[in-house]
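Read the structure below first, then the notes.
What follows draws every value from the coordinates through simple rules; no lab data is involved. Bear in mind that the values here come from a model prediction, so they are computed numbers and not experimental data. As a convention, Cβ positions derive from the backbone with ideal geometry for all residues, glycine included, and neighbour counts pool all protein chains shown.
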Ligand code: GLU
């Protein structure tokens, strides 16, 4: 049985791009009688709004997507801490005090998430405490695991390339766990068999696959779907005034028709699907 999920972060309203993501997840699971889960990714306490999570539930109902909600990330912090502790016990995490500006100034290459960490703190004695993040020693971790592969349903087998990101932060100073650690643990805990999400997160899977190998997690398959983009090729974004689903819902539009149009590839003027990888590194 296929189990998929939609995992929105409640830091801004959902727009059409999210609707598409939820539809892909929902339809992929329902095609073989599987289950579609909603997981609120509210790990970032300072930016998360409980009222938005409520809106998300209403949006999914409006789109007529049948879902089962699982525990939000804010209730799972102990599981992230256990995973970080075990990685630390394996000698694979190291503390870092570098600021964003220091990293940007010293970095020699760019990765999918921005400047790749130049490993300034890797061999430095840094006292753990406030203001310290914990990074994964990706080279050592990858050596330990050997070559890893993963499968995207639409793009076939991939060789994991976690080195694209360099030493990612797994334990943050402000939010506890990073997205990479939390999503990996949650997908395993929720029994997700097919991770459906946008192509913008394709490369993140290289890191998630490495974390799974380190933590003894059986990999699911992935389905990275096309993104909705504006005329200038940029992803629809909360920040860029993409109309909220909630606004359309409150204006009396029929969510079932909105979902049907998306399924048929009928998009509003100026919006299209982009199905190419943003970073072909
Ligand atoms: N919470 C992430 C977001 O809102 C989604 C992460 C995922 O699907 O793995 O973009």
- Nearest-ten-degree value, helix 50-62 long axis tilted from longest Cα axis of the chain: 40 degrees
- Could you work out how far helix 77-89 tilts from the main Cα principal axis of the chain, as a 0 to 90 degree angle to the nearest 10? 30 degrees
- Taking 0.36 nm per residue of separation between residue 232 and residue 31 and subtracting their Cα-Cα distance, the length gained on full extension comes to 69.0 nm
- Query: Once you sort the root eigenvalues of the Cα gyration tensor of region 96-147 as a ≥ b ≥ c, which label holds: rounded (a/c under 1.5), prolate (a/b larger than b/c) or oblate (the other case)?
  - Reply: oblate
- Message: Suppose the chain between residue 75 and residue 159 were pulled fully straight at 0.36 nm per residue; how much longer would it get relative to their current alpha carbon spacing?
- Response: 26.9 nm
- Which angle from 0 to 90°, rounded to the nearest 10, does the C-alpha axis of helix 179-189 make with the longest principal axis of the chain? 70 degrees
- Among bridges DSSP assigns within the chain, what percent are antiparallel (round to 5)? 60 percent
- Query: How large is the helix-only mean residue ellipticity at 222 nm for the chain, computed as the sum of -39500 (n - 2.57) over DSSP H runs with n ≥ 4, divided by its residue count, in deg cm²/dmol to the nearest 500?
  - Reply: -10000 deg cm²/dmol
- Item | Förster radius 41 Å - calculated FRET efficiency between residue 102 and residue 152 (Cβ-Cβ, nearest 0.05) | 0.75
